[in-house]
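Okay, structure first, notes after.
The values are calculated or read from the model by the stated rules, or taken from the named source; none is laboratory data. Nothing here was measured: the structure is a model prediction, and the numbers come from that model. A quick note on method: Cβ atoms are made from the backbone with ideal geometry, for glycine too, and the neighbour counts reach across all protein chains shown. Ligands, DNA and RNA are stripped out before the accessible areas are found, and what is left, the full protein with its side chains, is counted by its heavy atoms. Shrake-Rupley method; radii C 1.70, N 1.55, O 1.52, S 1.80 Å.
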Amino acid sequence: MKKNILLIGGEGYIGSVTALYLLSKGYKVTSYDNLIFNNNHSVLSKKYNQNFKFIFGDLQNQKLLKKVIIENNIKVIVLLAGLVGDPITKKYPKYSKIINDYLVSKTINLVKKIKLDNFIFVSTCSNYGLITDDVIADENFYLKPLSLYAKSKVRAEKTILKSTSNKFYRPTILRFATAFGISPRMRFDLTVNEFTREMFLNKKIDVYDPDTWRPYCHVLDFARAIQKVFESDISKTTFEVFNVGNSINNATKRMIIDLIKSKIDDSKANYLRNSNDKRNYRVDFSKIEKKLSFQTKYSIEYGIDEILNFLKDGFFDKKLVNKNEYGNYFLK
Ligand SMILES: NC(=O)c1ccc[n+]([C@@H]2O[C@H](COP(=O)([O-])OP(=O)(O)OC[C@H]3O[C@@H](n4cnc5c(N)ncnc54)[C@H](O)[C@@H]3O)[C@@H](O)[C@H]2O)c1
């Protein structure tokens, strides 16, 4: 029988794609989320009422969370929940501290006492911060988080890697690249998605620091990586940290813009300097490839085409005017 998977933060941009993906592979999925944005959770509930369960719950309610884990015979927990991204944590520093530090750490300590097959914590390549162009960061690279968001992730990673006497505590940390692609809970505040939408709608865009590097990864590849971790032998994953992405998807903003421009007639970009976001990093993804035989499937160009097709089909029409519904801009 397939395992029961708990996605904490399962209604988010990455969580909802992961839920759909795991359901399509025959897993039972429980999603625990307090819907801090206008998440579209009904999509999943209606489609998969047999194997999918949505629990409206806050990380704050640890009693409920524990009950959900036990009553649903959960074998794998994936912790995705949080206040996600530099801008929103900067805007709500108090909530950032409460959710990303206090509640995440409480949840990690709860997980440390439970018998599970796997605990997967979703972290970020933003932890590498600002590094020079001639270096590519692997998992042992010095962490230099610049934002409140990444600083909390680094603290959480440290808490996770502290051992316990529970031999069923089997944590894996996944440092995700910046995501792109279509999700039931769409985010247009992420670089590839945002640039594609802006250029599709307005044909021109302001781009700050076009030559800064970042790694990108399609949301579906994150879902595949999560599955890969809990289907692998625990000796390969326990207390391990993996970057998730692909070196061919390390790109500058200019490279992304050039790709989009090649698909939209007469589109233009206005290049500017000195944004507040100083991040610049390229990342090495060979560990997950070698150790878990994991390869991503989707290129940045695939993601751009996918978004353009959705936009052309009018999929987001109704709410395109209300940008705030499609990203981590404001809390509900
Ligand atoms: N999107 C990216 O580019 C990216 C890149 C690297 C890492 N990550 C990580 O992946 C994970 C998911 O990111 P995302 O893009 O899907 O973000 P998201 O904001 O779309 O999803 C986060 C989810 O967590 C839920 N949540 C927040 N606080 C909660 C609480 N107190 N209790 C219960 N649920 C709560 C929200 O309602 C939301 O559904 C995060 O941990 C993020 O740090 C994302």
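Consider the range 215-241. How many of its residues are surrounded by fewer than 23 Cβ atoms within 10 Å (Cβ to Cβ) and part of a strand (DSSP E or B)?
2
Show the residue pairs that are 6+ apart or on different chains and have beta-carbon atoms under 6 Å apart, the first residue being within the range 248-277 and part of a loop (DSSP other than H, G, I, E, B), the second being buried (at least 20 other Cβ atoms within 10 Å of the Cβ).
Between residues of the range 248-277 that are part of a loop (DSSP other than H, G, I, E, B) and residues that are buried (at least 20 other Cβ atoms within 10 Å of the Cβ), the close pairs are Ile264/Met199; Ser267/Met199.
From Tyr142, Tyr95, Tyr102, grab the single residue that is more than 15 Å from Asn34 (Cα to Cα), modelled with pLDDT of 95 or more and open to solvent by 20 Å² or more (accessible area, probe 1.4 Å).
Answer to the selection: Tyr102.
From the list Ile5, Ile36, which one is within 18 Å of Asp58 (Cα to Cα) and within 13 Å of the ligand (Cβ to nearest atom)? Spell out how you get there, then give the answer.
Details: Ile5 fails: within 13 Å of the ligand (Cβ to nearest atom).
Only one candidate qualifies: Ile36.
So, Phe37, is that one among the aromatic types (Phe, Trp, Tyr), touching a Lys or Arg at 6+ places or on another chain (Cβ under 9 Å), under 25 Å from Val229 (Cα atoms) and open to solvent by 10 Å² or more (accessible area, probe 1.4 Å) or not?
Details: among the aromatic types (Phe, Trp, Tyr): yes; touching a Lys or Arg at 6+ places or on another chain (Cβ under 9 Å): yes; under 25 Å from Val229 (Cα atoms): no; open to solvent by 10 Å² or more (accessible area, probe 1.4 Å): yes.
Here the answer is no, as Phe37 does not meet what is asked.
I'm checking my understanding of the structure. Among residues of the range 159-186 that are open to solvent by 20 Å² or more (accessible area, probe 1.4 Å) and within 14 Å of the ligand (Cβ to nearest atom), which one is nearest to Val111 (Cα to Cα)?
Across the range 159-186, the extreme among qualifying residues is Thr178.
Taking the residues in the range 14-26 that are in contact with a helix residue (DSSP H, G or I) (Cβ under 7 Å, 6 or more places away or on another chain) and open to solvent by 10 Å² or more (accessible area, probe 1.4 Å) as candidates, determine which candidate is nearest to the ligand (Cβ to nearest atom).
So the residue we want is Ile14.
Can you pull out every residue in the range 118-139 that is buried (at least 17 other Cβ atoms within 10 Å of the Cβ), of a type in the set (Val, Ile, Thr) and over 16 Å from the mean Cα position of the chain (by Cα)?
Those that are buried (at least 17 other Cβ atoms within 10 Å of the Cβ), of a type in the set (Val, Ile, Thr) and over 16 Å from the mean Cα position of the chain (by Cα): Ile131, Ile136.
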